[in-house]
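Note sheet for the following structure.
Please treat every number below as a calculation from the coordinates, not as lab data. Just so it is clear, the structure is predicted and the values come from calculations on it, not from any experiment. Here the Cβ is made from the backbone with ideal geometry for all residues, glycine too, and neighbour counts use every protein chain on show.
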Amino acid sequence: MQIRMRLNQEQVELDVQPRVTLADCLRHQLGKTGTHLACEHGVCGACTVIVNGQAVRSCLMLAVQAADAEVTTVEGLAADDAPFSPLQAAFRKHNALQCGFCTSGMLTTAHALLTAEPDADRDRIRSVIAGNLCRCTGYVSIVDAIYEAGEAYRVGERS
Amino acid sequence: MATHGKSGNRLVGAPIERVEDLRFLRGKGNYVDDQSLPNQVYAAILRSSVPHGRIRKIDKTRALKMPGVHAVITASDIGADVPVIPIRLQPLPEVFPLRQPVIAVDKVRYVGEPVAVVIADSPGLAEDALEYVDVDIEPLPVVASRKASGTDESLLFPEYKTNLAKRFTGLKGNTAAAFEGAHYIKKQRLAVQRHMALPMEPRGLLADWQKHENRLTVYGAGKVLFFNRRAVAEMLGFDESSVVLIENDIGGGFGARGEFYPEDFLIPFSSYFLGRPVKWNEDRRENLSAMNHAREMEAEYELACDADGTIRGIRGHVDVDNGAYVRSNGLTPPRNVAQFTTGPYRIPNIHIDVSVRLTNKTPCGTYRAPGRFEGSFFIERLIEIAAHDLGIDPIEMRRKNLVNAGEMPYPMATMQHIDPYTDTECDSGDFHVTFDRCLKEFDWDNKIKLQGKKIDGRYHGVAAGCFIEGGAAGPRESAKLKLDADGSISVFVGSSAVGQGLETVMGQIAADALNVPFERVKVFHGSTHYLREGFGSYHSRSTVMGGSAILLAAAPFKEKLRKAAARRLEAPEQQITLIDEHAVAPGGASIAWKDLAADDISSEESFSNTKHTYAYGAHCAHVAVDPGTGHVEVLDYVTVEDVGKIINPLTLHGQVIGAVVQGLGSTFMEHLVYNEDGQLLTGSLADYVVPLADDYPVIRGVTLDDYPSPNNPLGAKGAGEGGIIAVGGVASNAVENALSSFGVRIEELPLTPPAVWELIEQRVNAGNAKI
Amino acid sequence: MKLPPFEYASPGTLQEATALLAKHNGEARPIAGGQSLLPLMAYRLAAPSLLIDLAKIEGLNRIEIGEDGVQVGAMTRWCQIEAEETLTHAHPLMREAVRNIAHYQIRNRGTIGGSLAHADPAAEMPALAITCDAEIYVTGARGSRVVAAKNFVVAPLETSLKPDELITSIRFPRWQPHRRWAFLEFSKRRGDFALGGVALHFEEDAQGHATAVHVGVFGTGETPGRLAAVEDFVTGKKVDAALAHAAGRMARANVQAASDMHASEEYRKALIGTLLERALIEAATRRTEEWKSCKSA
């Protein structure tokens, strides 16, 4: 089926089979391999992308369901040649990643959260990213990083 | 971060932000499924749904008729001699008959065993076609438990005559004499459940056979590339030089990723068979039954003590449910539990027998701190029980039995009938320092007042314990330094990256060794291209071994710089000094290193090691138990570890905290459940549950480097596993202490809410307690 | 775990959707948020030939709060219910139930109608509907009907929907202003399917005795259900700690439960007893105007 979507601020148009999830479409048809697949049954959160402002699991959404939507992947959080966003910088500073596989989903989830709720406290952050599995960090550094990045969202420096 | 290369470079020990993060945080990592080749096709693996059976027939006809299907490969396509997975660690010839064929030949022995490979135009089509491969398997009696295995009524390998794959024994002193007349002897059953490493990224491979170049390239390798290259080359009958293994970014290893699995042959073979690149991505469902399982062990130990708590000896038997085959490192956990159960404690008399038993389950391998997590659970439980029985403060009992600094190096039990690297000893340090520091950080003196108390309906408990962490396995590791034309330095290491920040840590060591800015060093790893040999990342060895090799390579590298500069500057070589990326002659004349690059400034050295390192430390836990639900909240968890030399406190701290949380998963959640018919019930991440962000919010870690290892030039000890080792014992002791008013006795993990509730309920029903 | 092949349609009207369902006679499945259906398909436990996406049909995602109750469109997402502040008073039990559902990303896609149609025994929404005597509004190719919640879920993952029928909305009866309520569930990790859960509400008469007692349980057996014996026992009595304890014992003795790999029958029964006792105490002690978060563990 022919669909269009706005992906990381760019209009894209493509032909996609109904059975293809948004995750596979992003990864293999649109080259956005930063979106990772670690369970493909909606439990781990690694494939989280932002659709129309909301964090969603892209393995539990068909690409055709994203027709005409605004989609942001991890690649859309900061331009290639731009410095890190405050969120990315906070992840690096706090060593909030090791193997990097859950990281894209953590970043997209946190970005959607802080955009909607810049005042999110640590408990709220923990409860939201409880939908994202990380096997390396034990989460402590991730919560610290997201909490610190909240400051930038409160003053409106989002990128 | 601005770091400069003036003399006195101090990158080692500094919290350098990771270079890996620059790509990961932009979604620009290169994991194996991120990579594609023109003309590639996709593999899906048909796996046995029968735990034990004889294959009568495999009919490919219907599958081959499916559109987009290119091939269905079974054992008969591979040839008369289907290769077996080599045993990398403890390669004992007597267990060779128990090695796993890379594809089921005439029998299947566990649910998940590969039976056929389907190759198609897309992953979806390949998966669709699996349903159309008709497999007829005659079921055989299933061996689904250690007990059933022990009866030998149904044999996995009838020609082996028994399901007992191997027995190990750890010995020291004379246990018979030690137990004779002991004031106190405690016999106790203790068990750890089957669970697994579960790295975030499932495995994946992309194999590319180029016939005309006579070259096989395999992407997606990891951990032990050189070993696996030799293995796959031998299996395919190629020269090693025709095979290149490439490590992409890897989404976590924890011991399981990167070992040689059936697919490490099947996917390269498929590419060879079809003459096209073949890609395979393990999905999570198959990952749960295909990747190594771990840790299913049951101990029956006896501990003998004097009245004052001095431990006289330990003896007993450990039964290991190994699963269906002996895989590449499957014997490591059982051998380790024999040698390392006693951990940091001075136990002069040891006799531990370990039986490795075959069952119709997924084969086991190593998972972070193999055999050590299990052994620590056993010994910490035994000491806690003994202390309570003897009326001694458990802290004092541990202090009394901890090895003292003056006893270093302290030998571990001697292993019988095993590999050449068996004798080992704790190398250096003072176990009392980390124990005392941990108690202080934890605020033990105050928290102990809560012991067993019921507050707002929940019972509070605390516990503390100690551990040692072995590291730095030999035999050696290689590193190569090369001066590039732009003056930067390329560092090639044989260690592998599995997400632990290897590029950063190796870069710090190399930059310091050469006194150059961090940014001038580029670290390359993960290709069999780069070096003559390499040994990889396991046994907490990559930093110690690879880092030491870099230090060794730095000396000849500098010598070559001086030699080249001496020629150019016409000064005596021994008078050339190397400062600030320049070579300077006595009169002040100097030349930039980059201007010497044409002289082929490079060096390659390897660091050999026969002695392991032993980091060590202590853990403390404070829990609250809800008797109504069985839920355990971990209110505080503290670990203190001395690692000899800290290279990067930021990355080390991250690994420590992460390891603790994995250990809490092992203690309270994770369980691969099989039913009596040998079917794996936990087939999804909704059923195999691991810690989430809101489960264990308070984890604290302190890392020290007061006592360097004498066994390597860095002084470093293997680290990264210590955070997990003592968790099972310490956390479960805290739970038992919390429930002391009920008199519960914890014998096995995991302590899921239903399991904890059951412990309480049994005591209540027995009339021994009231909630 | 790639999805099996299927066709996809995204009709603009209910009539088109139900006509497609009728035409495919059981082989087609409607897809709302897809948060339950797509995992089933990834495991190939479901392989419909056609997915009918309901996203383009207008008017299915409204929350209408009126004098006679709260009508929630079938395509209403959990995040909408979370964000609807007026539900704090209009149906606090519903908001609390939704807070317990899965995780953030799932609540951004999952819908109330999808959850009801999926009918997982451990899901919150079917239990809430049964506890509150909600009515399920259903439309099919042959007309519309209203199904009482207690008659809707018939077995695990099975409802009384006919193959050509869709849920259009769920109506919850008017929430009484001074009603007492609680929703407690317990799972191994927060957000997992419950090992057991309790939803309850009751009123108090002039003497402070409980009337109109509704007690629903879920996660223990094949379908969610009410605990009639406990409702009868509590009715006419003052809810205090002693009564709650006795009611909990009664719940433990009366509830139907099954063993599986996660928990034994005995555990589940005892858990329901514990949760019911705690829920009654929480309901009795909460000041009605106060809406506070409450967690089971």
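Overview of values
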read-out: Rg/Rg_globular for segment B:405-516, with Rg_globular taken as 2.2 N^0.38 Å and Rg from C-alpha atoms; value: 1.72
read-out: When the convex hull of its Cα atoms is projected in every direction, mean area for segment C:20-139 (nm²); value: 7.9
read-out: Calculated [θ] (222 nm, deg cm²/dmol) that DSSP helices of n ≥ 4 give over the protein assembly as shown, each run adding -39,500 (n - 2.57); value: -8000 deg cm²/dmol
read-out: Cross-link reach list, lysines versus residue B:558, counting only Cα pairs under 21 Å and skipping chain neighbours closer than eight places; value: B:6, B:480, B:482, B:522, B:594
read-out: Rg and Dmax of segment C:204-282, Cα atoms only, in Å; value: 12.9, 47
read-out: Hits among lysines - C-alpha to C-alpha of residue B:447 under 25 Å, sequence gap 8 or more where chains match; value: B:400, B:770
read-out: Candidates A:36, A:94, A:28, ranked by Gaussian network fluctuation over chain A, Cα under 10 Å, top entry; value: A:28
read-out: Estimated distance in nm for a label pair at residue B:81 and residue C:285, the labels positioned 7 Å out from Cα along Cα-to-Cβ; value: 7.5
read-out: Stokes-Einstein D (µm²/s) once Rh is taken as the Kirkwood radius of segment B:224-286 over alpha-carbon pairs, at 10 °C in 1.306 mPa s; value: 124
read-out: Kirkwood hydrodynamic radius of the protein assembly as shown, Cα pairs, Å; value: 31.9
read-out: Percent antiparallel among DSSP beta bridges (both partners in segment B:161-295, rounded to 5); value: 70
read-out: Descending principal axes extents, segment B:80-122, alpha-carbon based, whole Å; value: 41, 23, 20
read-out: For B:753-763, mean number of other protein chain Cβ atoms within 10 Å; value: 4
read-out: Two-decimal ratio, segment B:111-213, of alpha-carbon radius of gyration to 2.2 N^0.38 Å; value: 1.88
read-out: Greater than 25 Å apart at Cα, pairs in B:28/B:223; B:161/B:361; B:166/B:186; B:107/B:161; value: B:166/B:186
read-out: Cα-based Lys pair tally, chain C, threshold under 21 Å, eight or more apart or on separate chains; value: 6
read-out: For segment A:117-129, Karplus couplings with θ = phi - 60° (6.51, -1.76, 1.60), whole Hz, Gly/Pro x; value: 9, x, 8, 3, 8, 4, 5, 5, 4, 4, 5, 6, 7
read-out: Cα principal axis extents for segment B:330-381, largest first, Å; value: 37, 22, 18
read-out: Of the chymotrypsin sites (Phe, Trp or Tyr not before Pro) in segment C:1-66, those whose Cβ has at most 16 other Cβ within 10 Å and which sit in DSSP loop; value: C:43
read-out: Whole-number Å³ per residue for the convex hull built on Cα positions in segment B:1-81; value: 304
read-out: Partner chain coverage, peptide B:693-704 - average Cβ within 10 angstrom; value: 5
read-out: Kirkwood Rh (inverse of mean 1/r, distinct Cα pairs), segment B:612-771, angstrom; value: 17.3
read-out: Globularity ratio of chain B, using Cα Rg and 2.2 N^0.38 Å; value: 0.99
read-out: Taking the C-alpha atoms of segment A:1-128, convex hull volume expressed per residue in Å³; value: 106
read-out: Magnitude of the charge dipole, the protein assembly as shown, Cβ model with Lys/Arg +1 and Asp/Glu -1, debye to 20; value: 620
